[in-house]
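**Q** Let me begin by handing over the structure; questions about it come next.
The values are calculated or read from the model by the stated rules, or taken from the named source; none is laboratory data. As the structure is a prediction and not an experimental result, all values here were calculated from the model. When we count neighbours, we look across all protein chains shown, and the Cβ atoms used for this are built from the backbone with ideal geometry, even at glycine.
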Amino acid sequence: MAENQDKIAAVREQLFSRRGFLADAFSGLAGIGLTALLQRDFLAANEIGPIDSRRWKHGCGRPPLEAKAKRVLQIFCPGGASHIDLWEHKPALAKYHGQPLPGEENLVTFQGKNGNLMNSPWPFAPAGQSGKMISTLLPNMARHVDDIAFIHSMQSKTNTHGPGCVFMNTGAIFEGFPSAGAWVSYALGTANENLPAYVAIPDIRGEPPNGKANWSSGFLPAQHQGVVLAAQQPIRNLNVPSGISPEEDQATRELVHFLDAGHATCNPGLSELQARINAYQLAARMQLSAPAVADLDAEPRSVHRFYGSDDRNPFKAAYARNCLLARRLLEQGVRYVNLYCASRASGVDGLLNWDAHKTLKADYERHCPIFDEPTAALLTDLKQRGLLDDTLVLWTTEFGRMPTHQAGVTGRDHNPAGFTCWMMGAGVKGGAIVGATDDFGRRAAVDPATVWDFYATVLQLLGFDHKQLSYYHNGLNRRLTDVQGNVLRGLLA
């Protein structure tokens, strides 16, 4: 007994001595700092094990409405592609070329004062059985007009590229909101457990304005963020490092999963850790599946020639390879593919994207050949393979261009008041036209349409009522369509 009391006394002396106090305080403060750094990882998802991401407001595991589409391809042309030089013919521009825009003679827009009305430098010609007038800059795309439903009355809430791109992709002009692809991933889950549900394919020239915010998961669970993959940019860190055996790799994954699952059990709350667990598991499966899907050399040379991936123009060849990659991803069950043609603005307007402020003619004669043949080939390929029966194709840009030229130059300024987007494929009425801008292409004049209307229609084709697909965040049931949006029924087959 006396021996035990001596030991207790010694321990007490060590604990309550000045030296012991300082040592313990140092260790304790380090522990507090480490806990703060790792707090987000210690907080786990509400559920343990694989999350069923196919959830919506009423917890339904499949679309509650009749779904026409199972997957989406969204082609995005950053820079504000001109509706009046590509898709919407305006004869009044030729008739009144060189005259002031009636009622807006001294108009000042995004980059300053505007000049007079400017006709498109390229003629329009009737295409398809419908006779839809399309710019002669797009001879290959013109072959698809009878399958496309055009929305000529789109409007945006901003005239700035970054917020405009984010708004077109997320329905919000501010960053931090989920993209449409993230919403579809959340609503439908994956159709192929070995590949991401949502893939973003940036152009070889760079990311679009505001970059990764365009394919962000926002406040949705983190696993619904788009995975970046491109022909010129394989998925990083996918391969096992040299010197690590398959057995060691498997054992490491099992240990990490065991530790993460333990944290998830003890600390329910946030989704980041569960998303990371799922990402590790997906990455392991993708080590086998992704290289095969991204192996474009497996395609016959005739297919590469058809897409234009062997073209002398390196930008066209790179975009064509990304078009081919998009088809292979859709074919393997990826739910949502964002395909970008062009990138963010550069020091020279119109060099890297469709932002033709100064030299419209030279800029679009650079961009249209890159876009036209590969995109048309992709659409033809999807149709020939039967994929258009259940794939919805979208073409989008952040806003249009002014019918006038900018003062002192031969380019057009930003125009969020009226522009064109289109849809094609599953459930879409080919040849349909919704809305129109005024005679000069200045403003949406017939059946104005919003980004929220656009995505209400997309969700309808995927089998969801956009008013019901929601996620509770910060006290609100958030939606892709905010508190607005009406289905554009004129586009539905």
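**Q** Output the number of the condition that Asp439 fails; it satisfies all remaining conditions of (1) surrounded by fewer than 21 Cβ atoms within 10 Å (Cβ to Cβ); (2) closer than 22 Å to Pro209 by Cα; (3) not β-branched (Val, Ile, Thr).
**A** It is condition (2) that Asp439 fails.
**Q** Can you tell which of Asp439, Asp381 is over 20 Å from the mean Cα position of the chain (by Cα) and under 30 Å from Asn116 (Cβ atoms)?
**A** Asp439
**Q** Still on this structure: Looking only at strands (runs of 3 or more DSSP E) that lie completely in the stretch 105-195, which have at least 2 residues being under 21 Å from Cys368 (Cβ atoms) and under 27 Å from the mean Cα position of the chain (by Cα)?
**A** 132-135, 148-154
**Q** A further question follows. Return yes when Ile32 is assigned to a helix (DSSP H, G or I), at pLDDT 95 or above and either closer than 17 Å to Asp413 by Cβ or among the aliphatic types (A, V, I, L, M) (or both) and no when it is not. Walk me through it before giving the result.
**A** Numbers: assigned to a helix (DSSP H, G or I): yes; at pLDDT 95 or above: no; either closer than 17 Å to Asp413 by Cβ or among the aliphatic types (A, V, I, L, M) (or both): yes.
No; evaluated as a whole, the condition is false for this residue.
**Q** In the stretch 305-350, how many are among the hydrophobic types (A, V, I, L, M, F, W, C), closer than 27 Å to Ser82 by Cβ and assigned to a loop (DSSP other than H, G, I, E, B)?
**A** Qualifying residue count for the region: 4.
**Q** Suppose we filter Ala456, Ala436 for residues that are of a type outside the set (D, E, K, R) and either under 30 Å from His405 (Cβ atoms) or in contact (Cβ under 8 Å) with a residue 60 or more places away in the chain (or both); which single one remains?
**A** After applying the criteria, what remains is Ala436.
**Q** While we're looking at this one, here's another question. Just the residues that are over 23 Å from Leu339 (Cβ atoms) and touching a strand residue (DSSP E or B) at 6+ places or on another chain (Cβ under 7 Å), please, taken from the stretch 379-413. Even if it seems obvious, please write down each step before you answer.
**A** Applying the first criterion (over 23 Å from Leu339 (Cβ atoms)) to the stretch 379-413 yields 402-413.
Listed by number, the residues that qualify are Met402, Pro403, Thr404, His405, Gln406, Ala407, Thr410, Gly411, Arg412, Asp413.
**Q** Also: Take Ala290 and tell me if it is in a helix (DSSP H, G or I) and at pLDDT below 95.
**A** yes
**Q** Looking only at the stretch 357-366, decide whether some residue is closer than 17 Å to Thr397 by Cβ and part of a loop (DSSP other than H, G, I, E, B).
**A** Yes, some residue in the stretch 357-366 is closer than 17 Å to Thr397 by Cβ and part of a loop (DSSP other than H, G, I, E, B).
**Q** I'm told Pro246 meets every condition in (1) modelled with pLDDT under 75; (2) within 21 Å of Asn194 (Cα to Cα); (3) not β-branched (Val, Ile, Thr) except one. Can you identify the failing condition by its number?
**A** The number of the failed condition is (1).
**Q** Restricting the first residue to the stretch 319-348 and requiring it to be in the same structural domain as Ile204 (by TED's automatic domain parsing) and of a type in the set (Phe, Trp, Tyr), which pairs with a second residue that is surrounded by 21 or more Cβ atoms within 10 Å (Cβ to Cβ) and part of a helix (DSSP H, G or I) meet a Cβ separation below 6 Å and a spacing of at least six or different chains?
**A** Pairs that qualify, where the first residue is in the same structural domain as Ile204 (by TED's automatic domain parsing) and of a type in the set (Phe, Trp, Tyr) and the partner is surrounded by 21 or more Cβ atoms within 10 Å (Cβ to Cβ) and part of a helix (DSSP H, G or I), are Tyr319/Ile370; Tyr319/Pro374; Tyr336/Gly181; Tyr336/Val184.
**Q** Identify, please: which residue in the stretch 384-413 is under 24 Å from the mean Cα position of the chain (by Cα) and among the hydroxyl-bearing types (Ser, Thr, Tyr) and is, among those, nearest to Leu329 (Cα to Cα)?
**A** Thr391
**Q** Residues of the stretch 418-476 being within 18 Å of Leu220 (Cβ to Cβ) and among the basic types (Lys, Arg), which ones?
**A** Scanning the stretch 418-476 gives a single hit, Lys467.
**Q** Would the stretch 334-345 turn up any residue that is more than 18 Å from Asn169 (Cα to Cα) and surrounded by fewer than 22 Cβ atoms within 10 Å (Cβ to Cβ)?
**A** Checking the stretch 334-345: not a single residue is more than 18 Å from Asn169 (Cα to Cα) and surrounded by fewer than 22 Cβ atoms within 10 Å (Cβ to Cβ).
**Q** Give the number of residues within the stretch 464-484 that are among the polar types (S, T, N, Q), surrounded by 15 or more Cβ atoms within 10 Å (Cβ to Cβ) and not in a loop (DSSP other than H, G, I, E, B).
**A** Residues flagged as among the polar types (S, T, N, Q), surrounded by 15 or more Cβ atoms within 10 Å (Cβ to Cβ) and not in a loop (DSSP other than H, G, I, E, B) within the stretch 464-484 amount to 0.
**Q** Still on this structure, I have one more. How many of the residues making up the stretch 101-139 are touching a residue at least 24 places away in the same chain (Cβ under 8 Å), in contact with a strand residue (DSSP E or B) (Cβ under 8 Å, 6 or more places away or on another chain) and at negative phi?
**A** Here the count works out to 19.
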